Amino acid sequence: MAAISPILSKMEKKKVISTTVIHAGFSGRPATEAFRGPLLHLGSTRGNRAHQTAAIMEKFEMIVHEGRPDLIVIVGGGNAALAGGLVGVKMNIPLARLGAGLRSQNRGKPEEINGLVADHVSTLLFAPGRAESAILAGEGIDTGKIHIVGRNATGGGAKKTGYVESTSAAGIVDTMEKFLLRALKPGRHEKKSLSAL
């Protein structure tokens with residue numbers, strides 16, 4: 001969740017986006033201390049990866065069904081990213097994927113498969129760099145969906161925030177906002193909402 005902190009900060013300043021963060025409970029405390037919006041915890045799930053993914057899907061689907069977000073943001077390559085991606089695509093809710101195109105080239109790792117599936121079901125893909133963008137395009141993903149957002153800040157006093165530079169957070173939020181405004185149906189004036197898992 002560390003990668004999403006600067007993005008949440010930018011979202012809170014937007015009047016058109018209402019955000020709820022859903023934490024799956026696997027990576028300890030979510031890096032959302034400064035976030036003042038709704039924060040839901042799914043709670044840790046025991047069992048093997050299949051049981052964990054199924055339990056997250058079941059809990060997340062109930063939240064999504066009740067809240068009907070306009071966009072789901074998924075982060076990382078864990079079971080929560082896979083579960084969130086599958087719930088979103090099955091419920092016909094657009095997905096934004098942070099860390100798109102990150103590959104280890106080791107299909108024996110569950111995170112590799114989770115990330116690959118999450119990327120392929122997503123509507124907006126935020127790739128750290130050109131290499132990841134090329135991987136996505138090489139896998140047949142429409143290049144119009146891919147947005148290069150930058151890598152770790154490595155110096156110059158920039159704040160390290162996972163794989164998203166704090167300076168690129170504004171660009172990510174602007175892209176999401178433009179997408180949500182285009183998706184706004186005529187006559188609908190309420191805030192667009194998104195859930196981040």
Among Ile63, Ile74, the single one that is buried (at least 19 other Cβ atoms within 10 Å of the Cβ), among the β-branched types (Val, Ile, Thr) and at pLDDT below 90 is Ile74
Leu82: modelled with pLDDT of 90 or more, part of a loop (DSSP other than H, G, I, E, B), in contact with a helix residue (DSSP H, G or I) (Cβ under 8 Å, 6 or more places away or on another chain) and of a type in the set (A, V, I, L, M), yes or no? no
Helices (runs of 4 or more DSSP H) contained in the stretch 93-197 and holding at least 3 residues out of contact with any strand residue (DSSP E or B) (no Cβ under 8 Å at 6 or more places or on another chain) and modelled with pLDDT under 90: 166-183
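The values are calculated or read from the model by the stated rules, or taken from the named source; none is laboratory data. Everything quoted here is computed from the prediction, not taken from an experiment. Please note: Cβ atoms are built from the backbone with ideal geometry, for glycine as well, and neighbour counts cover all protein chains shown.
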